[in-house]
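Below you'll find the structure, written out as structure tokens, and then a few comments.
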Amino acid sequence: MQINSFQGGGVAIGISCSHMVADLTFVASFFKSWTEVHRHLPITHPPFVAPNHADAESLPRHAKTDSPRNMATATFKFSTSIINQCLTKVHDTCPNATPFDFLAALFWSRIARVKPPKNHHQTQSLCICTDFRSLIKASLPIGYFGNALHFSMLSQKVEDMESGQLGGIVSAVHGHLGGLSEEEIWSTNEGNYCMYGTELTCVCMEHLVFEEENESLLYAAMFGNNEKPVHVSCRVGNVDGEGLITVMPSSVGGLSRTVMVMLPEEELAELSKDEAILELEPAMLLAGCVDH
């Protein structure tokens, strides 16, 4: 943990841990619990310790690419009004689409355009990372201390990705997440578990948005009354291969979302100029290369 105080006011707090030990959901609940103890309030999501569902020592390690490229990051912030307009446009194809469904489909299709071209008979694949706490019968609490991430592959034909019909890709993402079963989750964790492999990966954090309060767990931690975090970012270290897309709740709540993208430097430069993304008027922050 690292805490930085700024001369002009404000504090930046960084928490780092191995993803084999705990996931972002637990880190967010831990941080909120810390602030609740500080304010002498009852802990909303007390830590829950149970046997790990995946033995870290038995999980296969992904081989690094032979010639890792410099990875760069960019953050795109989309407003509630824009996301609402986008969901309206794909309503006929996917009436129950979530902000994640749309943004995952958008960035997947646009990133595919800056990758080396494929033949039309080939497929484009996206590894989707989602939290399975609520997907199993004996559901795990938010404060579960461990890793409850599930990684699954979604593939689309190249011709479908290049057709320009985003609604079909949104529907595919939505259907894929809706079709996840407990049997698949356990079978994956028992033998074929993977974590942040070389495929393009998209992380879903929709489960951290609580509709009844219209806020996210990521922004619920407060050391003082109504002193919510101004910005929350999430970085996965040592990512190489195809890259990483992280779709997160935003500080302003509602349907607004923050998308953090980590790609090879030259590909991110092209994506940052993509007209389909820029026409949605995101607030954008570019960062430098990430050393490996």
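The values are calculated or read from the model by the stated rules, or taken from the named source; none is laboratory data. Everything quoted here is computed from the prediction, not taken from an experiment. Here the Cβ positions follow ideal geometry from the backbone for every residue, glycine too, while neighbour counts run over all protein chains shown. To get the accessible areas, we keep the full protein, side chains included, count just its heavy atoms, and leave off ligands, DNA and RNA. Shrake-Rupley method; radii C 1.70, N 1.55, O 1.52, S 1.80 Å.
Are any of the residues in region 215-231 touching a residue at least 12 places away in the same chain (Cβ under 8 Å), more than 30 Å from GLY10 (Cα to Cα), assigned to a loop (DSSP other than H, G, I, E, B) and not small (Gly, Ala, Ser)? No, region 215-231 has no match at all.
Per-residue answers, yes or no, for (1) more than 20 Å from the chain's Cα centre (by Cα); (2) basic (Lys, Arg); (3) in a helix (DSSP H, G or I):
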{"residue": "ILE3", "(1), (2), (3)": "yes, no, no"}
{"residue": "GLY9", "(1), (2), (3)": "yes, no, no"}
{"residue": "ALA12", "(1), (2), (3)": "yes, no, no"}
{"residue": "SER18", "(1), (2), (3)": "no, no, no"}
{"residue": "ALA28", "(1), (2), (3)": "no, no, yes"}
{"residue": "PRO42", "(1), (2), (3)": "yes, no, no"}
{"residue": "PRO46", "(1), (2), (3)": "yes, no, no"}
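The requirement of being more than 19 Å from HIS207 (Cβ to Cβ), open to solvent by 60 Å² or more (accessible area, probe 1.4 Å) and not in a helix (DSSP H, G or I) is fulfilled somewhere in region 74-87, by at least one residue. Beta carbons closer than 6 Å, at least 6 apart along the sequence or on distinct chains, pair a first residue in region 7-36 that is under 21 Å from GLY146 (Cβ atoms) with a second that is open to solvent by less than 60 Å² (accessible area, probe 1.4 Å) and assigned to a helix (DSSP H, G or I) for ILE15/VAL27; MET20/ALA56; ALA28/LEU217; ALA28/LEU218. Against the definition (under 22 Å from HIS231 (Cα atoms), touching a helix residue (DSSP H, G or I) at 6+ places or on another chain (Cβ under 7 Å) and at pLDDT 90 or above), how does LYS32 come out, yes or no? Here the answer is yes, as LYS32 does meet what is asked.
One residue alone among ARG257, ARG235 is among the basic types (Lys, Arg) and open to solvent by less than 20 Å² (accessible area, probe 1.4 Å), and that residue is ARG257. Within the set THR98, THR130, the sole residue that is crowded, with 20+ Cβ neighbours inside 10 Å, closer than 25 Å to THR75 by Cα, in contact with a strand residue (DSSP E or B) (Cβ under 6 Å, 6 or more places away or on another chain) and not aromatic (Phe, Trp, Tyr) turns out to be THR130.
Within region 189-196, is there a residue that is at pLDDT 85 or above and of a type in the set (Gly, Ala, Ser)?
No: region 189-196 contains no residue that is at pLDDT 85 or above and of a type in the set (Gly, Ala, Ser).
Of the residues making up region 151-161, just one is in contact (Cβ under 8 Å) with a residue 40 or more places away in the chain and open to solvent by 60 Å² or more (accessible area, probe 1.4 Å), namely MET153.
Here is the figure for region 108-149: residues that are under 27 Å from SER29 (Cβ atoms) and touching a residue at least 24 places away in the same chain (Cβ under 8 Å) total 21.
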